[in-house]
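Data block below; observations after.
The values are calculated or read from the model by the stated rules, or taken from the named source; none is laboratory data. Since the structure is predicted, the reported quantities are computational estimates derived from the model, not experimental observations. As a convention, Cβ positions derive from the backbone with ideal geometry for all residues, glycine included, and neighbour counts pool all protein chains shown.
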Amino acid sequence: MECWCCPCCQLSRVHNKLKHNKAEMNVGICVGISIGSILIGIVMLACICHQRKKIRERYGIKGNCCSDCCTAYCCGGCAIQQHLLEMSSMGEFPSACCYTVKEGEYMT
């Protein structure tokens with residue numbers, strides 16, 4: 001639900017966890033993605049594709065740029081939620097702003 005209503009928030013948290021290993025929202029990234037999405041819809045698509053690539057590299061998941069872009073284009077919200085669930089299943093929950101989860105109690 002959160003990835004559909006505020007994908008910029010979730011993208012910023014996943015970015016913060018991947019890049020800085022911090023389980024919190026990065027306001028600068030969130031605001032930047034929000035403004036970019038309003039001005040140019042392709043920014044969100046590029047962010048989702050980039051995160052999918054980084055997640056595939058980090059966890060050794062098969063795939064390619066073409067499938068990442070198709071997934072992001074057809075259902076960006078679903079792709080963002082998949083990022084959260086994939087990271088959570090690997091024990092790296094990137095945090096949430098609408099709910100809390102105790103360490104180790106991730107939905108898989």
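So how many residues does segment 37-70 have that are at pLDDT 90 or above and of a type in the set (Gly, Ala, Ser)?
4
May I ask you to list the residues in segment 6-41 that are of a type in the set (Gly, Ala, Ser) and either surrounded by 20 or more Cβ atoms within 10 Å (Cβ to Cβ) or touching a strand residue (DSSP E or B) at 6+ places or on another chain (Cβ under 6 Å) (or both)?
Once the filter is applied, which keeps residues that are of a type in the set (Gly, Ala, Ser) and either surrounded by 20 or more Cβ atoms within 10 Å (Cβ to Cβ) or touching a strand residue (DSSP E or B) at 6+ places or on another chain (Cβ under 6 Å) (or both), segment 6-41 yields only SER12.
Does segment 69-77 include one or more residues that are under 16 Å from CYS9 (Cα atoms) and either in contact with a Lys or Arg (Cβ under 7 Å, 6 or more places away or on another chain) or not hydroxyl-bearing (Ser, Thr, Tyr) (or both)?
Within segment 69-77 (the criterion being under 16 Å from CYS9 (Cα atoms) and either in contact with a Lys or Arg (Cβ under 7 Å, 6 or more places away or on another chain) or not hydroxyl-bearing (Ser, Thr, Tyr) (or both)), the answer is yes, since at least one residue qualifies.
Show the residue pairs that are 6+ apart or on different chains and have beta-carbon atoms under 9 Å apart, the first residue being within segment 45-65 and on the phi < 0 side of the Ramachandran plot, the second being surrounded by 16 or more Cβ atoms within 10 Å (Cβ to Cβ) and assigned to a loop (DSSP other than H, G, I, E, B).
From segment 45-65, the pairs are ARG58/GLU92.
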